[in-house]
Structures are given as C-alpha cells and as structure tokens.
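The structure under discussion appears below in the form of structure tokens.
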Amino acid sequence: MVAGIVSYGGYVPRYRITPKEIGNVWGVDGEAMGRSLGITAKSVPSPDEDVITISVEAARACLRKVDVAPTDIGAIYVGSESHPYAVKPTATVVAEAIGSTPVMTAADFEFACKAGTAAIQACMGLTLSDMIKYGMAVGSDTSQGAPGDALEFSASAGGAALLIGKENLIAEINHTVSYTTDTPDFWRREGQQYPSHGGRFTGEPAYFKHVMSCAKLLMEKAKSKPEDYNYAVFHQPNGKFPVKVGRTLGFEDKQLDAGMLVRSIGNTYSGAVLLGLCSILDRAVPGDRIFMVGYGSGAGSDAFDITVTSNIKKLKHAETIEEMTRDAKFLDYGTYAKFRGKLRMRGD
Amino acid sequence: MATPRFWREIPSRYNLIGTKCGSCGTLDFPPRAVCPKCGRKSVGKMMKQKLSGIGTIISYTIVYDAPSSFDLLKPYVLAVIELKEGARLTSQIINVEPGDVKIGMRVEAVFRKLGQEGEAGILQYGYKFKPVTGQGKSPATA
C-alpha cells in the first residue's frame with residue numbers, strides 16, 4: 001500500500017509587479033535584473049490577503065475537485081515562513097474554514113521554503129500508519145524582501161494544498177527522501193520584518209548542494225534516471241536555479257517547463273514547488289511520472305517520485321493554475337509599497 | 001469587533017452558515033434564533049444551513065471616504081448580494097475595478113482578512129465576494 005495525492009489545489013493572488021517597475025525606483029536596470037533572475041513578474045498579495053487566506057483558498061480549491069468529507073481529514077499542516085501569527089496556528093483557521101474541525105490534529109510547520117513538502121511527508125506517515133484517513137499538506141507564503149534588496153525582485157505570494165491519503169489516489173508517491181544539514185544561507189530573526197541572506201553563499205553550498213544530493217538519493221532509491229520522468233519540478237527561488245540544477249542532473253527543458261511558474265509569478269517560497277506540481281497535475285495524464293524536489297534554506301531538501309493514476313480523469317473540473325494566473329493586474333511601485341506595508345502610516 | 005463576538009460568528013463568517021425556519025422555510029443570514037415571520041412558532045425549529053456563496057449583486061455603492069482600517073483598500077465597493085438560496089447579505093466586492101461593478105453581476109464568496117484588533121490583537125477573517133470568473137472586461141486589463 002502506498003500513500004499519495006487524492007486531490008490538489010492552488011491559489012495565486014491577482015496582483016503583479018514587474019522587475020522593471022521595482023528597478024525604476026531603486027535606480028537599477030530592472031529589466032536586466034528580471035532577465036538575470038528569469039522572472040517577468042511577481043505576484044503581490046492584496047492588503048486583505050495573507051498566508052491564512054491563501055491557505056484557505058488553496059485548501060478549498062483542493063476539496064472542490066473531489067467528494068471527500070472534510071471531517072475525514074484527520075490532520076492539517078500548513079508550512080510557511082510568513083504565518084500571520086507568531087503564536088496561534090494558521091492551520092486551525094484553515095481547518096475551521098473547510099469544515100474539518102474538531103476531531104483532528106493541526107499544526108504549523110516552518111522550514112523556510114520547504115515546510116510544505118515536510119507537511120506532505122508528515123501526512124504520508126500518518127496515513128500509512130492508519131492514524132488518519134486523509135491529511136492535508138499546505139505550503140503557502142507572502143514573503144518579502146527588504147526594499148531595494150535583490151530578494152525584492154522575486155519574493156512573491158501564493159500557496160497550494162495537497163490532500164494525502166491511501167485510497168482514490170490521483171497520483172501515487174512511490175518514494176520520498178530528504179537531505180538536511182545546518183547551513184546558514186537565509187534566515188529571519190524573531191521580530192525582524194525582512195529576512196537576511198548570504199548573497200552568493202545561497203547558491204552552491206546551499207541550494208545546489210541540497211537539491212542535487214537529494215535528487216541523486218531519490219534516483220538511487222527509485223533506481224531511476226531523468227529520462228524515466230515526464231516532468232520534473234524543483235524549488236524555484238528564481239528562474240535560473242531550477243533550470244541549472246535540472247540540466248545538470250540530465251533533465252531536458254521540456255520536462256521542466258510545465259512546473260516553472262516562477263517565471264510569471266516569482267518565488268512563492270513554501271508554495272513554489274507545490275504550485276509547480278499543481279500546474280503539472282493540471283495537464284498530466286495517467287501514467288505520467290513526476291520528479292519533485294523542494295528546498296528550504298537552513299537547509300534541506302525533500303524529494304518525491306510520483307506516478308499519476310487513471311483517477312486523475314475523475315477529478316471535477318476546476319480552474320487551473322494557468323487560468324488563475326491569467327487574471328492579473330499590474331501595480332506601480334507606490335501601490336505595491338502600500339499593499340505590502342512598506343509605508344509608515346499615521347499611528348504606526 | 002470584540003474577540004468573543006468574532007469567535008461566536010466564525011461559522012457564519014467563514015462558511016456562510018445561516019438558518020432555515022423549520023416552520024415556514026424562510027432562510028436567514030446571518031443566522032437567527034427566532035424566525036422574524038413565524039415568531040414563537042419557530043422556537044426550537046431553527047436549523048443551521050450552509051449557503052452556497054454564489055449570488056447576484058442587487059445594489060452597490062463605492063466607498064471613497066473609508067474608516068481608517070480600510071484606508072489601504074479604498075476606493076472599494078460594498079454591495080447587497082442575493083444568494084441563490086434567497087438570503088441577502090452585505091459584503092465588499094473585490095478583484096474588480098469599482099467602475100466595472102454592475103447590478104445583476106454574478107459573484108462568489110472568497111476568504112479574506114476582514115480586520116484586526118490593533119497591531120497586537122486577533123486577526124479577523126471571513127467572506128468577501130468577487131465576480132464569478134469570466135464576466136465583464138478581460139481580467140488582464142481590468
């Protein structure tokens with residue numbers, strides 16, 4: 001018996017800003033920065049959106065596709081590095097909003113950008129041990145870069161939810177492995193509004209080392225090679241890193257393109273690899289095999305070998321990620337700064 | 001809104017739980033303890049009912065002079081919405097330019113932050129409404 005994905009759903013806020021618009025304010029060539037990062041725009045949450053609202057919308061999108069009683073969901077874990085509360089779980093609001101309370105467990109996870117994939121593994125363990133029938137794993141963020149920092153060009157907002165179980169799977173998770181070390185590449189101290197990062201240090205010893213090592217571990221465990229997969233999706237802090245890591249491992253661009261949402265919506269942090277997976281599942285057909293590797297600073301990677309089943313045809317029709325991201329409204333920097341709380345208001 | 005009141009209203013604010021009179025069948029939102037039509041006859045017969053969240057704009061106004069807690073959102077649209085089950089409610093309309101809102105526009109409920117009790121207080125969430133996808137102007141140019 002394997003655990004796998006019963007349903008999936010994503011949510012991306014409607015607003016966008018371009019690297020050019022950000023660059024205009026800070027006196028840098030934003031278009032060149034966008035080309036360098038491989039990003040044409042990033043999503044921006046409205047003032048009434050945060051990780052809780054994004055997680056609820058993603059969870060509801062996930063449940064709209066299937067006839068699963070919300071009370072059969074025994075665990076909800078929300079992974080994020082931008083939970084609205086320091087103390088009080090995002091997951092309880094999600095649970096209440098989808099009608100899963102009260103006989104269930106809930107908690108918030110934090111592991112930079114990979115808290116959502118950690119939540120998948122926790123749900124797999126609980127379902128495989130028969131402690132619960134279904135678990136919901138959510139990865140969601142509204143992360144920020146400090147004004148003028150390189151991160152400001154990519155840090156965006158979005159999230160995705162996966163319903164994990166053992167029955168009626170639309171995709172089986174054949175294998176999962178993790179690779180974790182203590183690597184200080186990116187962090188945010190308690191009380192700090194913006195994160196800090198180690199500049200170029202965030203590349204080789206952090207992202208590439210962990211993603212590559214974890215990907216190789218997964219292929220060893222699955223006895224597979226890149227050409228065995230129809231799609232591959234890697235954590236995408238920008239448009240360059242996942243392409244570089246994919247090509248280095250031996251994947252072709254055509255395997256990567258479907259999951260590369262970062263190009264049009266930026267880095268959604270805990271939502272990034274899960275939204276990429278949702279975008280792939282939107283177009284996948286039975287038998288397709290998917291290679292997924294998440295990454296979280298601090299640092300670690302979780303990798304998954306996934307095979308799509310014939311049940312994917314039974315999902316109810318719902319808005320695809322591509323359709324959702326078409327509904328975009330572009331902001332000027334002033335409105336973006338207002339929306340993201342970068343202005344000091346009277347009374348602050 | 002005080003925390004205890006918000007907590008009591010979570011079912012209706014998160015999931016549009018209204019009431020149906022077991023005597024005359026009238027739907028009410030927000031939920032009522034007694035049916036305004038049947039009065040005493042409805043006592044003990046009011047049943048909870050989850051509403052669909054799909055409705056139509058009956059009337060609306062555009063708010064330009066907003067309370068300070070809504071400064072970041074102005075100008076914004078407030079509308080009276082008739083849900084397909086018949087109950088009416090008032091809600092903010094989002095994801096649309098105020099000038100594109102029309103009476104008769106089909107809308108659906110979404111989950112948004114409604115407010116907060118100051119910088120250290122609880123965050124309050126609930127329904128707002130957005131146009132049903134595919135109506136009006138092209139979203140990319142809205």
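The values are calculated or read from the model by the stated rules, or taken from the named source; none is laboratory data. Since the model is a prediction, treat every value here as computed from it, not as a measurement. Using ideal geometry, Cβ is built from the backbone for each residue, glycine included, and neighbour counts are taken over all protein chains shown. Accessible surface is based on the protein model in full, side chains and every heavy atom, while ligands, DNA and RNA are left aside. Shrake-Rupley method; radii C 1.70, N 1.55, O 1.52, S 1.80 Å.
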Rounded to whole Hz, the Karplus (6.51, -1.76, 1.60) HN-Hα couplings of the stretch B:116-121, x for glycine and proline = 8, 8, x, 6, 10, x
For the stretch B:22-36, just list the computed ³J(HN,Hα) in residue order, Karplus coefficients 6.51, -1.76 and 1.60, θ = phi - 60°, integers in Hz, with x standing in for Gly and Pro.
-> x, 9, 10, x, 5, 9, 10, 9, x, x, 10, 7, 9, 6, x
Mean other chain Cβ within 10 Å across B:102-114 is 3
Loop-located GluC sites (Glu not before Pro) in the stretch A:52-133, at most 14 other Cβ atoms within 10 Å (DSSP) | none
Over what distance in Å are the Cα centres of the stretch A:26-82 and the stretch A:240-294 separated?
-> 16
Given the rule -39500 (n - 2.57) for each run of at least 4 DSSP H residues, summed and divided by the residues of chain A, what is its mean residue ellipticity at 222 nm, to the nearest 500 deg cm²/dmol?
-> -9000 deg cm²/dmol
Sort all Cα-Cα distances of the stretch A:172-312 into consecutive 10 angstrom bins from zero, then give the percent of pairs in each bin up to the one containing the longest distance.
-> 12, 44, 33, 9, 2
Send over the semi-axes of the stretch A:1-155's equivalent ellipsoid, whole angstrom and largest first, taken as the square roots of 5 times the C-alpha gyration tensor eigenvalues.
-> 34, 15, 14
Accessible area that becomes buried as B packs against A, both chains, 1.4 Å probe, Å², nearest 100 = 2100
Please label the shape of the stretch A:242-348 as rounded, prolate or oblate, based on the square roots a ≥ b ≥ c of the eigenvalues of the alpha-carbon gyration tensor (a/c under 1.5 means rounded; beyond that, a/b larger than b/c means prolate, else oblate).
-> prolate
Just the Kirkwood number for the stretch A:84-167, please: inverse of mean 1/r across all distinct Cα pairs, in Å, one decimal.
-> 14.3
Cα-projected label distance for A:A107 with A:R326, points at 7 Å along beta-carbon direction, nm = 4.1
√(5λ) per eigenvalue of the Cα gyration tensor, the protein assembly as shown, largest first, Å | 37, 28, 20
How long is the stretch B:54-131 along each principal axis, judged by its Cα atoms, biggest number first, in Å?
-> 39, 25, 17
Please report Rg over Rh for the stretch B:10-142, where both radii come from the alpha carbon positions and Rh follows the Kirkwood definition.
-> 1.03
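Calculate what fraction, in whole %, of the accessible area of chain B sits on carbon and sulfur atoms when a 1.4 Å probe is rolled over the protein chains.
Accessible surface attributable to carbon and sulfur in chain B totals 53 percent.
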Cross-link reach from A:K225 to lysines, straight Cα distance under 21 Å and at least 8 residues apart if same chain, gives A:K209, A:K216, A:K244, A:K254
With θ set to phi - 60° and the Karplus curve 6.51 cos²θ - 1.76 cosθ + 1.60, what are the ³J(HN,Hα) couplings of the stretch B:37-52 in order, to the nearest whole Hz, using x for Gly and Pro?
-> 8, 8, x, 4, 4, 8, 4, x, 10, 6, 10, 5, 9, 7, 9, 6
Can you work out D for the stretch A:1-43 in µm² s⁻¹ from Stokes-Einstein, where Rh is the Kirkwood radius over C-alpha pairs, the temperature is 20 °C and the viscosity is 1.002 mPa s?
-> 169
Whole-Å distance, taken between Cα centres, linking the stretch A:123-170 and the stretch A:93-110 | 14
Which residue fluctuates the most in chain B, going by a Gaussian network model with Cα springs under 10 Å, if the choices are B:G126, B:G86, B:G118?
-> B:G118
With each run of n ≥ 4 DSSP H residues scored as -39500 (n - 2.57), what mean residue ellipticity at 222 nm is computed for chain B after dividing by its residue count and rounding to the nearest 500 deg cm²/dmol?
-> -2000 deg cm²/dmol
